[in-house]
Amino acid sequence: IYTQLCNVRGGIECDLTMIRTAPDSFYVVTGSAFGAHDMGWIRTNSPDDGSVIVRDLTSARAVVNVVGPKSRDVLQSVCEDDVSNEAFRYAKAREITIGSAAGAEARAASRRLVGRRMACILPRHLSAANNPCSRVPARAF
């Protein structure tokens, strides 16, 4: 879900996307320039009783946004799973397999207009040589 985190006056402190990965776990994606600020704000405003754990996965993950009216078609061309509108509804997230590269399992979120934007969170170790998204023909966009 794309959302904002607000301070006590209602001012926006963080502008981010939260993806539920389990009943008690979330993956948060924020703008590259705001990661340290947003993580600090979340830590400062989380309970200090140990019930919330905040971890920085920036160096382990990369986010690829596939945007446009053909975003599902582009993602489907490198994905082994069904990402059609029927199989992958708006505002949902799930694990999908992209290509055959080791570690190419990704969490994809269907966001904004259905069929217009898909976000893939990939293991950062994928290089251009083994990144299945690098094999999408330019004409697909």
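When the label point is put 7 Å from the Cα of SER32 along its Cα-to-beta-carbon vector, which residues of segment 43-67 have a backbone N closer than 17 Å? Zone members listed by number: 57-67. If you take the Cα centroid of segment 1-31 and the Cα centroid of segment 50-75, the two points sit 13 Å apart.
Arrange the peptides 74-83, 33-42, 54-63 so that the one whose residues have, on average, the most other Cβ atoms within 10 Å appears first.
Working: 74-83: 17.9, 33-42: 14.0, 54-63: 11.7.
In descending order of packing, they fall as 74-83, 33-42, 54-63.
The shape of segment 1-92 can be summarised by an equivalent ellipsoid whose semi-axes, obtained from the alpha carbon gyration tensor, come to 29, 15, 14 Å from longest to shortest.
Working note: Karplus 6.51/-1.76/1.60 with θ = phi - 60° gives segment 88-96 the couplings 9, 6, 4, 6, 10, 9, 6, 7, 9 Hz, where Gly and Pro are set to x.
Values in this text are rule-based calculations from the coordinates and carry no lab data. Predicted, not measured: the structure shown is a model, and the values here were computed from it. Neighbour counts are summed over all protein chains in view; Cβ atoms, including those assigned to glycine, are modelled from backbone coordinates with ideal geometry.
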